[in-house]
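Structure first, commentary second.
Throughout, read-outs are computed from the coordinates displayed, never taken from laboratory work. Only a predicted model underlies this, so the values are computations on that prediction, with no experimental measurement involved. Methodologically, a virtual Cβ is constructed for each residue, glycine included, from the backbone with ideal geometry; neighbour enumeration extends over all protein chains shown.
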Ligand SMILES: Nc1ncnc2c1ncn2[C@@H]1O[C@H](COP(=O)(O)OP(=O)(O)O)[C@@H](O)[C@H]1O
Ligand SMILES: [Mg+2]
């Protein structure tokens, strides 16, 4: 039972991390685009989803989508809502990473004849990613914690399952306390992973000026 | 009960929910700030036992879902201690603890950012530790911490929405009630979402103004 | 052949280049001198397309920098070395050098890498191919910057104050590399404050003064009493540089 919940939490988290990252990259590039319309739209996106509670967003989709004839399960709705919402946070982190890439480095790439797309993909994005990895890590750790909210739309991930176990066993304190500890361990492991990755990706910083 | 339209009572319900959300937010923010600063001071003055224990609790709160914390307090604690806790009490208690954990981190790093030399100078002039804290550390730390505090406040405002899950009739719960009655999810959740959005922006704007005022004040003081 | 005709460049309301005309033939080594703020960097940035033109024309091998399609071709022929190196911090030295030749010129990896090693050897950094820019000294970084430019096998090499961000003891190592390059017949246009060095390696000096070409003559004449030195402003500039 616990294991089932863990698998749901893990898969929703993994899928949403990928989804929010992709959305984050796209929106971040929109936010630094030269086209005023794209900039406005991207910055509006970031502002909108960061200033509305996730639970409200998730209810909007969960109850709203069937009204327009889209019937998807709680798992899919949750993954989608998480990707969209966390995408806004990821975009903001990446935007500031991109804006902080040294313009001189970008100019060097430009005059060497690399295409705009190649400059983004080979120069700007990798550099922005490396400096954004830690803040991005906290965004994703928060994502994992946020998956618990999906229990309110009947998804039986860790928290949803714990609710059932708590009422079956009449031992809510032990169950929720253990669950909190488990989330702590989970996020701690995740942060270790991110640190490791950060160190790997930033080995070029060793001995930097 | 399905498909009943909105009625004249709904705006009042909305306003009540709004009041509860803002009330819980304000209460937990104020209490949390006081406790958070207390934790930070224990840490800064290296109070034995208390400091590490508080720090562990604060880490625990930061790294676990608030929703589960709410469940623990509302469902778990009454069974364990054989006491009665109302949803509102559980909500304020939990969010206060949560806010305190984050405030402590912000306060510690703001205090760390203050130049050590200044403090030593003040001590050498024989100022009491209390007055150093009040007159030198606190005002500077506040300015340094403002951006982080604004971010935290906006975030904690969103977090209050979770208290709907333990039955507090806040703005989100009002949304659920209206959603179930009218079955107009797009309208209901858009209104609720927009309300939170405006609240957040107002909060951020107010924080921003406070920050500029504090900074100006500091400039006058010649710091 | 670089042909600049009546080039104008403005930033907002201030005109920085006020009708610059200049032509540079293949094989020439031209130094551009001038006080700080006279528009040297802007002129260089017009040549590699980092700054657009507000008037006049700038052709390189008959290609127009203001036409995007032609600029792309120009950038294959024209390489730039920057004052602040601008190396890619996340790529190894080798990747810094091979990125553009492989990607822009479509050349084979093995071939480009072999060349990169040869270039590194030339500048005395054969053992640093796997290092990252953050691990190198300023002088080493600039030598890598030069390798990166040369790996494009450019017809024209633009260098803008490539030693002014370096400590004096590192300036020498970079200038040595440049001197060797000048002798090898690469067309070089370089902005510098190293007057003695400019005199030693360049065949021609262009003196830029407040956005206009005040002198454009063979090096010998520029430093002669009846040539550039005869011009009061140039003499004052040279005197100031010498006293620094
Ligand atoms: N991007 C820019 N925006 C506004 N003014 C600029 C810009 N770049 C250069 N300038 C101005 O143009 C003038 C010439 O600058 P520059 O070409 O860098 O001179 P130099 O390289 O000879 O020192 C200076 O007055 C400088 O302030
Ligand atoms: Mg310059």
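Some points to look at:
- Pairs of alpha carbons in chain B whose separation is greater than 32 Å (percent): 32 percent
- Computed over segment A:2-201: relative contact order in percent, which uses C-alpha pairs under 8 Å that are six or more apart: 29 percent
- Computed [θ] at 222 nm, helices only, for chain B once each DSSP H run of length n ≥ 4 contributes -39500 (n - 2.57): -25000 deg cm²/dmol
- Length-normalised contact order for chain B - Cα pairs under 8 Å, 6+ apart - percent: 32 percent
- Each residue, residue C:102 and residue B:50, gets one label point 7 Å from its Cα in the Cβ direction; the gap between the two is 6.1 nm.
- Only alpha carbons enter this Debye calculation for the protein assembly as shown, each as an equal point scatterer, and the log10 of I(q)/I(0) it gives at q = 0.08, 0.09 Å⁻¹ is -0.80, -0.92.
- Three principal axis extents of segment C:2-243 based on alpha-carbon atoms, in descending order, are 52, 42, 32 Å.
- Degrees separating the helix C:109-122 axis from the principal Cα axis of chain C, which is the longest one: 60 degrees
- When every Cα-Cα distance of segment A:9-86 is counted in 5 angstrom steps from zero, the calculated P(r) takes the values 3, 16, 21, 21, 20, 13, 6, 2 percent.
- Spin-label pair residue B:115-residue A:201: with each label point 7 Å from Cα along the Cα-Cβ axis, the two points sit 3.7 nm from one another.
- Peptide B:68-80 has a mean of 6 when you count, residue by residue, the C-beta atoms of other protein chains within 10 Å of its C-beta.
- The ranking of A:34, B:209, C:214 by Cβ neighbour count inside 10 Å, starting from the fewest, reads A:34, B:209, C:214.
- The relative contact order of chain C, computed from alpha carbon pairs under 8 Å that lie at least 6 residues apart in sequence, is 25 percent.
- Rg then Dmax, both in Å and based on the Cα atoms of segment C:16-160: 16.2, 47.
- Peptide B:181-192 has a mean shielding of 4, counted as Cβ atoms of other protein chains within 10 Å of each residue's Cβ.
- In terms of its C-alpha gyration tensor, chain A has an oblate overall shape, because the principal axis ratio a/c (a ≥ b ≥ c, square roots of the eigenvalues) is not below 1.5 and a/b does not outweigh b/c.
- Mean residue ellipticity, 222 nm, helices only, chain C: the sum of -39500 (n - 2.57) across DSSP H runs of n ≥ 4, divided by residue count and rounded to 500, is -11500 deg cm²/dmol.
- Exposure proxy for C:69, A:95, C:143: other Cβ atoms within 10 Å of each Cβ, ordered fewest to most, give C:69, A:95, C:143.
- Two numbers describe the Cα atoms of segment B:161-223: Rg and Dmax, which are 18.6, 60 Å.
- Note: segment A:103-209, Cα convex hull, 130 Å³ per residue.
- Values of log10 I(q)/I(0), in the order q = 0.10, 0.18, 0.21 Å⁻¹, for segment B:77-187 under a Debye, Cα-only, solvent-free model: -0.52, -0.94, -1.08
- Expressed in units of 2.2 N^0.38 Å, where N is the residue count, the Cα radius of gyration of segment A:42-93 is 1.16.
- Among A:118, C:108, a tally of other beta-carbon atoms within 10 Å of each Cβ gives an order, fewest to most, of C:108, A:118.
- The mean count of C-beta atoms from other chains within 10 Å of the C-beta of residues in A:127-136, rounded to a whole number, is 1.
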